[in-house]
Protein chains: 2
Amino acid sequence: MKTITLADLAAMEKLARVQFASSLPGVKPVCLVGTRDAAGRTNLAPFSSVVHLGSKPALLGMITRPDTVERHTLSNIIETGVYTLNHLHRGILEAAHQCAARYPREQSEFDATGLTAHEEDSFVFVAESRLRMGMKLVDILPIEANNTRLIIGAVQCVQVPAASVSEDGSIDLPGLGIIASTALDTYFEAVEVARLPYAKA
Amino acid sequence: MKTITLADLAAMEKLARVQFASSLPGVKPVCLVGTRDAAGRTNLAPFSSVVHLGSKPALLGMITRPDTVERHTLSNIIETGVYTLNHLHRGILEAAHQCAARYPREQSEFDATGLTAHEEDSFVFVAESRLRMGMKLVDILPIEANNTRLIIGAVQCVQVPAASVSEDGSIDLPGLGIIASTALDTYFEAVEVARLPYAKA
């Protein structure tokens with residue numbers, strides 16, 4: 001085993017450090033976040049920092065970077081109080097990745113990438129997604145350590161093929177082809193290797 | 001697509017709701033968190049809520065549940081200010097899962113499961129892990145929405161086989177056999193399906 005120290009990290013070229021540091025969590029979720037601004041213009045952006053906060057109520061968090069540049073997703077969520085989380089599969093992976101590009105606010109990522117908007121209630125989902133959640137903003141916590149923020153949302157609805165949810169509440173992620181990620185550029189499919197019983201001492 | 005509403009979620013049996021809600025983020029990281037208490041007694045606990053917060057400095061977050069029951073990991077981190085994150089592979093998966101059981105503070109999960117402690121500086125790593133980080137506590141943010149907390153740590157060192165890190169900073173997670181998870185019981189290996197270039201508008 002090689003030890004990479006704080007000094008080694010500091011000496012890394014910037015892009016290599018970002019690639020390395022954003023690989024450290026390992027295999028991460030990735031979702032397209034769907035929003036609208038107050039004028040109704042839609043936006044899609046990939047987030048790989050979605051995290052489960054609790055089950056009753058069902059709460060999910062995600063991290064947003066400092067808003068030193070225009071952050072359409074964050075400002076749209078603040079403006080409307082709602083957003084969607086749309087999981088990826090291989091058929092929409094390239095289009096989803098392309099949503100990370102910096103389009104002007106006037107240009108919707110739906111138009112730019114060919115993904116289809118599915119509008120329902122106040123939500124704008126990705127029609128092609130096989131697992132998607134309508135979310136209501138609960139709170140935005142400032143993370144002073146590096147000027148990021150934790151966006152906290154409550155799950156309002158989940159849309160998924162009925163056959164992919166078991167009686168026990170499990171969702172068949174490999175069957176749906178749900179994509180995971182690491183760093184900013186690498187995508188995975190998941191192969192189940194074990195399902196283990198509740199651990200007792 | 002079936003829509004599961006807030007009313008459907010509320011009507012779910014408790015275990016099914018937990019299983020369902022904790023599957024919604026999709027394919028998640030999972031790490032063993034290694035700590036010591038002030039008396040030097042070691043502890044290991046699996047966390048599936050590790051999230052990348054930033055790269056300069058390299059910061060990682062993780063969520064801990066309300067401390068209505070004894071939370072050894074949280075109290076140990078507060079006592080000592082340090083912890084380790086140890087990624088899993090198939091060879092240590094069952095032992096790592098078993099660390100979720102509620103052992104008394106006197107019994108180390110290392111002894112209970114046969115995992116090997118690797119002690120270095122103030123850190124207690126899992127010797128069998130192929131990707132592990134020494135962490136320094138930076139902050140603990142209360143999440144009022146459900147009384148959980150975000151533990152924020154700064155990466156102090158990373159231990160990984162030298163051959164698994166590329167010049168560009170990428171870590172070969174599939175080559176290391178890094179395990180991902182969903183819900184509380186399901187584990188995956190990752191198969192790379194794409195590495196995509198930086199997206200431009």
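The values are calculated or read from the model by the stated rules, or taken from the named source; none is laboratory data. Here the structure is a predicted model, which means the values were calculated and not measured. Cβ coordinates were reconstructed from backbone atoms using ideal geometry, including for glycine residues, and neighbour counts include every protein chain displayed. Accessible surface is based on the protein model in full, side chains and every heavy atom, while ligands, DNA and RNA are left aside. Shrake-Rupley method; radii C 1.70, N 1.55, O 1.52, S 1.80 Å.
Observations on the model:
- From the list B:VAL18, B:VAL33, the lone residue that is touching a strand residue (DSSP E or B) at 6+ places or on another chain (Cβ under 6 Å), in contact (Cβ under 8 Å) with a residue 24 or more places away in the chain and open to solvent by less than 10 Å² (accessible area, probe 1.4 Å) is B:VAL33.
- Here the condition is being out of contact with any Gly (no Cβ under 6 Å at 6 or more places or on another chain), among the basic types (Lys, Arg), under 27 Å from B:LEU131 (Cα atoms) and open to solvent by 20 Å² or more (accessible area, probe 1.4 Å); of A:ARG65, A:ARG41, A:ARG102, it holds for A:ARG65 alone.
- Contact map, segment B:79-107: first residue more than 11 Å from chain A (Cβ to nearest Cβ) and acidic (Asp, Glu), second residue open to solvent by 20 Å² or more (accessible area, probe 1.4 Å) and not in a helix (DSSP H, G or I), Cβ cut-off under 6 Å, separation 6 or more or different chains; pairs are B:GLU79/B:ALA38.
- For segment B:145-170, the set of residues classified as in contact (Cβ under 8 Å) with a residue 24 or more places away in the chain and open to solvent by less than 10 Å² (accessible area, probe 1.4 Å) consists of B:THR148, B:LEU150, B:ILE151, B:ILE152, B:GLY153, B:VAL155, B:VAL158, B:GLN159, B:VAL160, listed by residue number.
- Looking only at residues of segment B:171-185 that are more than 20 Å from A:VAL51 (Cβ to Cβ) and in contact with an Asp or Glu (Cβ under 8 Å, 6 or more places away or on another chain), we find that the one that is most open to solvent (accessible area, probe 1.4 Å) is B:PRO174.
- Within segment B:1-54, the set of residues being more than 19 Å from the chain's Cα centre (by Cα), within 12 Å of chain A (Cβ to nearest Cβ) and charged (D, E, K, R) comprises B:LYS2, B:ASP8, B:GLU13, B:LYS14, B:ARG17.
- Criterion: on the phi > 0 side of the Ramachandran plot, over 16 Å from the mean Cα position of the chain (by Cα) and modelled with pLDDT of 95 or more - qualifying residue of B:GLY91, B:GLY114: B:GLY114
- Qualifying residues in segment B:145-182 (those that are part of a loop (DSSP other than H, G, I, E, B) and more than 7 Å from chain A (Cβ to nearest Cβ)) - the one nearest to B:ILE63 (Cα to Cα): B:ASN147
- Considering B:PHE188, B:PHE123, the condition of being buried (at least 18 other Cβ atoms within 10 Å of the Cβ), among the aromatic types (Phe, Trp, Tyr) and within 30 Å of A:LYS136 (Cβ to Cβ) is satisfied by B:PHE188 alone.
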